[in-house]
Structures are given as structure tokens and as C-alpha cells.
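Q: Mind having a look at this structure? Questions to follow.
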Amino acid sequence: MAITEAKCPSCGAPVHITGVNQVCKCPSCGNEFIVHEDKTVNTNNFSVTQNIQKTIYGNERAEAEDYIRNADIFFNLGETLSAEKAYRKAIELNPGDYRGWFGLARIYSANFTDSSSDSEVIAYLKKAKAVATPDEIKIMKNESEPYFAMKREMRRKQEELRRKQEAEKQEMARRSAIAAQFQRQQEIESQKKAKKSCLIKLIILIIVVAGAIVGIVLGVRSIPTFDTTTNADGSITITGRNEPIDGVIPSTIDGKVVTGIGDNALEDSDFSTLILPDTITYIGERAFANCENLTDVFIPASVTFIGEDAFIDCPNLRTIRCEAPYEPDGWAYCWDRKTDYFIFSDTFFDIEWGASRTVNGNESESGPQNAEAEIAEGRKYSCAE
């Protein structure tokens with residue numbers, strides 16, 4: 001078949017064709033078109049003329065141009081749904097025009113200001129770049145640069161946040177390690193104090209037993225543990241101590257009933273538990289002051305008088321257990337003061353009224369509390385002023 005020369009309907013470049021009703025491709029612009037038969041007879045053969053060429057793809061390119069123009073107008077008016085339909089129609093008619101793909105990227109990124117649909121935006125930009133010329137790529141790069149700058153800033157902030165969170169995590173781990181180490185040190189110190197206390201008690205016990213044995217062997221009476229005075233009724237009041245005691249106050253000494261603990265009598269003692277017998281009726285001022293190891297005190301209901309600051313400056317004592325259901329009238333206003341510094345909210349000890357002598361077991365640990373206990377609590381303010 002003879003070779004016929006025609007022109008590309010898109011760019012006008014010469015195209016050599018070998019027949020009609022065949023798809024031809026322009027070597028200059030790549031446009032594809034079909035040349036149809038000329039219905040006008042010229043001599044004995046059909047001829048191909050430029051005037052009657054009908055190009056399917058050429059017409060579609062023109063239609064695609066109209067869709068892109070309309071899509072740009074819709075996009076500028078904020079009609080994104082209509083703009084997207086127009087861009088997709090332009091792509092369907094002419095996928096080789098970068099503007100259709102680039103328009104979709106603009107829509108999905110809100111004109112390159114929103115990265116929430118980043119995967120779609122990147123996909124459309126890649127397709128636009130694949131069909132664009134170098135100059136068109138420069139145009140796309142300039143228009144989309146704010147989008148990528150925004151993404152870089154987002155990545156920078158995310159990395160900054162990650163580093164901050166990592167630093168906070170490391171700081172928390174460091175503080176936890178310090179706290180654990182401090183707690184361990186406290187436990188070690190507590191164990192040392194407990195061992196020291198046990199050792200002291202053991203030494204005291206050995207000394208007491210040894211002294212008793214020596215006294216028995218030598219027939220010499222041991223020095224009394226307590227200093228006492230005899231009261232008018234024949235009972236005695238403890239006024240001091242000659243050696244460390246274990247906190248158990250005897251009900252009798254040398255056959256005489258112990259009814260009182262004098263002022264400052266057992267101040268600065270080392271015992272941790274104080275148990276008073278039912279014979280005690282009187283406790284003097286500062287009788288048990290500065291007992292640093294004292295943690296547990298039981299006062300029987302037989303006590304009718306307690307002087308001021310009887311237990312002051314006992315740092316490890318928190319609660320005093322009293323067998324009486326409420327504070328007797330004969331007890332001084334400030335008998336249960338912890339410290340002289342009234343500015344602290346815990347100036348006074350907590351009192352457990354109606355307590356039993358035993359802490360464990362079936363007996364009730366606390367008894368009734370009434371309005372008189374609250375009145376007594378309110379009177380404390382007068383003694384601190």
C-alpha cells in the first residue's frame with residue numbers, strides 16, 4: 001500500500017500513514033489519531049485529505065482542555081466535588097495531561113495546606129510528574145513546595161516531641177532509681193537501728209541478770225531500779241530511775257503499791273512500749289518527755305490526773321490508747337501535747353478512747369467517743385496560746 005502524508009491535528013507535524021481506519025501516532029507530540037476514508041472519489045482510488053480527517057484523540061484532547069478549564073474554575077470557587085469530577089473526566093479523555101493529576105493533588109491537599117490525605121496526594125503528584133515535561137515539573141514543584149515544607153515542619157515537630165518524651169521517660173526512670181535507692185538505704189538504716197536496739201536490750205538484760213546473780217551470790221542487795229517517795233497513804237510514787245527499764249511499770253515495789261509517776265520521773269527513757277498497771281492514779285508533768293523510742297502507750301482507767309506535757313517530744317509516738325471512754329476532768333489541758341510549736345497542725349497526739357489493754361486478739365480496740373472528748377480537744381488551743 002502507498003505511503004500517504006498527513007498532518008497531526010494536534011501539533012501540525014507531518015505524519016506518514018499507510019492506510020485509512022488505522023491508529024496513527026505523531027512522532028513529534030505523541031498524539032494518537034485515526035484517519036478515516038474520504039467519501040469523495042478522486043480518480044479510481046480513495047484518497048486521504050487533511051480537510052476531512054476525523055481524529056478521535058484530537059477531539060478528546062480539546063474536550064479534556066475544556067474539563068480542566070472548568071475544573072480550575074470550580075476549584076477556585078470552592079466547589080471541590082464538581083472540580084474533582086471535571087479533573088477525573090479530563091484524565092479519562094487525556095491521561096497524558098499533567099494538569100488533571102495535579103488538580104486532584106490540589107483537591108486532596110486543600111491546595112497544598114492539608115496533609116491528612118498524604119498518600120493520595122503523593123500518588124497523584126507522582127502520576128502528574130510521570131507525564132509532565134521538565135518545565136511543567138518546575139511549575140508543579142513551585143506550587144507544591146508549601147505542602148512539602150509543611151510536611152518537613154511536621155516531621156521536625158514529631159521528632160522534637162519524640163525526643164522530649166524520651167527525655168521525660170529517662171528522667172522518670174532516673175528518679176525511680178533514686179527513689180528505690182533511697183528506700184533501700186532507709187530499709188538498711190532501719191535494720192541497723194533495729195539490730196542496735198536489740199543488741200542494747202540484750203546487753204541490758206545480760207547486765208541485769210549478771211547483777212542479780214552477783215547480788216545473790218554476794219548476798220548484797222541490788223541497787224533499786226527506781227527512785228521512789230512514800231505517800232501519806234503508804235503507797236509510793238516513782239520519781240526517777242537508776243538504770244534503763246523495759247517500759248513495764250510494776251504495780252508494787254518492795255511490797256508497796258505504786259500509785260504515781262512523778263514530774264520528769266522517766267524522762268529520756270529508751271523503752272518503746274509503756275504499760276501502766278491499774279494501780280496508777282497520778283502521772284506528773286513531763287513524766288515521759290523526750291522518750292525518742294516510745295511508740296505505744298496504754299493508760300488504764302484508774303488514772304485520774306495527768307500533768308501538762310506528760311509525753312511531749314516523743315517523735316515516734318503517734319497515738320495514745322486510753323482505757324477511759326473519754327478524757328477525765330482531772331487531766332491537764334495540755335497533757336497530750338506533742339511539741340511546743342503550735343504552728344504545726346499535729347501539735348497534739350491522736351487519742352484512742354475506750355481502748356483495750358491488748359492491741360491484738362478478740363477484745364475491742366476502741367470504745368465510745370462522746371461530746372466531752374470533742375470539748376477536751378477544743379480546750380487544747382487555750383494551753384498553746
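The values are calculated or read from the model by the stated rules, or taken from the named source; none is laboratory data. Keep in mind it's a predicted model, so treat the numbers as computed, not measured. Cβ coordinates were reconstructed from backbone atoms using ideal geometry, including for glycine residues, and neighbour counts include every protein chain displayed. Quick note on the areas: whole protein, heavy atoms, side chains included, nothing else; ligands and nucleic acids left out. Shrake-Rupley method; radii C 1.70, N 1.55, O 1.52, S 1.80 Å.
Q: When you check E153 against the structure, is it within 22 Å of K85 (Cβ to Cβ), out of contact with any Lys or Arg (no Cβ under 6 Å at 6 or more places or on another chain) and part of a helix (DSSP H, G or I), yes or no?
A: Values: within 22 Å of K85 (Cβ to Cβ): no; out of contact with any Lys or Arg (no Cβ under 6 Å at 6 or more places or on another chain): yes; part of a helix (DSSP H, G or I): yes.
Taking the combined requirement at face value, the residue does not satisfy it.
Q: A further question follows. Just checking, does the range 211-234 include any residue being closer than 27 Å to I299 by Cβ, open to solvent by less than 80 Å² (accessible area, probe 1.4 Å), at pLDDT 90 or above and part of a helix (DSSP H, G or I)?
A: No - not one qualifying residue is present in the range 211-234.
Q: Name the single residue that is surrounded by the fewest Cβ atoms within 10 Å (Cβ to Cβ) among those in the range 262-271 being of a type in the set (D, E) and farther than 16 Å from W331 by Cβ. Step through it out loud before you land on a result.
A: The initial filter retains those residues of the range 262-271 that are of a type in the set (D, E), namely 263, 267-268, 270.
Right, trim to farther than 16 Å from W331 by Cβ and you get 267-268, 270.
Working: E267: 16, D268: 12, D270: 16.
Going through the qualifying residues, I end up with D268.
Q: Could you tell me whether D254 is within 29 Å of R286 (Cβ to Cβ), of a type in the set (D, E), at pLDDT 90 or above and open to solvent by less than 90 Å² (accessible area, probe 1.4 Å)?
A: no
Q: Considering only the range 76-109, how many residues are more than 14 Å from K129 (Cβ to Cβ) and hydrophobic (A, V, I, L, M, F, W, C)?
A: 8
Q: Quick one: what pairs do we get from the range 314-340, first residue without any contact (Cβ under 8 Å) to a residue 24 or more places away in the chain, second open to solvent by less than 60 Å² (accessible area, probe 1.4 Å), C-beta under 6 Å, 6+ apart or different chains?
A: Pairs that qualify, where the first residue is without any contact (Cβ under 8 Å) to a residue 24 or more places away in the chain and the partner is open to solvent by less than 60 Å² (accessible area, probe 1.4 Å): there are none.
Q: Against the definition (more than 29 Å from I200 (Cα to Cα) and touching a strand residue (DSSP E or B) at 6+ places or on another chain (Cβ under 6 Å)), how does Y326 come out, yes or no?
A: Details: more than 29 Å from I200 (Cα to Cα): yes; touching a strand residue (DSSP E or B) at 6+ places or on another chain (Cβ under 6 Å): yes.
For Y326, the condition - more than 29 Å from I200 (Cα to Cα) and touching a strand residue (DSSP E or B) at 6+ places or on another chain (Cβ under 6 Å) - is met.
Q: Across the range 94-110, what is the number of residues that are touching a residue at least 24 places away in the same chain (Cβ under 8 Å), in a loop (DSSP other than H, G, I, E, B) and closer than 19 Å to E79 by Cβ? Write out each step before concluding.
A: The first filter runs over the range 94-110 and keeps only residues touching a residue at least 24 places away in the same chain (Cβ under 8 Å), leaving 94-103, 105-107, 109.
Filter again for in a loop (DSSP other than H, G, I, E, B), leaving 94-97, 109.
Retained after the next criterion (residues that are closer than 19 Å to E79 by Cβ): 109.
The number of residues fulfilling the criteria is 1.
Q: Can you find a residue in the range 356-367 that is under 23 Å from E292 (Cα atoms) and at pLDDT 75 or above?
A: Pass one, the range 356-367, residues under 23 Å from E292 (Cα atoms): 357-359.
Those left that are additionally at pLDDT 75 or above: 357.
Yes, the range 356-367 contains at least one residue that is under 23 Å from E292 (Cα atoms) and at pLDDT 75 or above.
Q: OK, next. Can you say whether I73 is at pLDDT below 70 and either aliphatic (A, V, I, L, M) or surrounded by 13 or more Cβ atoms within 10 Å (Cβ to Cβ) (or both), as far as the supplied structure shows?
A: On the way: at pLDDT below 70: no; either aliphatic (A, V, I, L, M) or surrounded by 13 or more Cβ atoms within 10 Å (Cβ to Cβ) (or both): yes.
In short, no.
Q: From the list N142, N94, N111, pick out the single residue that is open to solvent by less than 40 Å² (accessible area, probe 1.4 Å) and out of contact with any Ser or Thr (no Cβ under 8 Å at 6 or more places or on another chain).
A: Numbers: N142 fails: open to solvent by less than 40 Å² (accessible area, probe 1.4 Å); N111 fails: open to solvent by less than 40 Å² (accessible area, probe 1.4 Å).
Exactly one of N142, N94, N111 is open to solvent by less than 40 Å² (accessible area, probe 1.4 Å) and out of contact with any Ser or Thr (no Cβ under 8 Å at 6 or more places or on another chain), namely N94.
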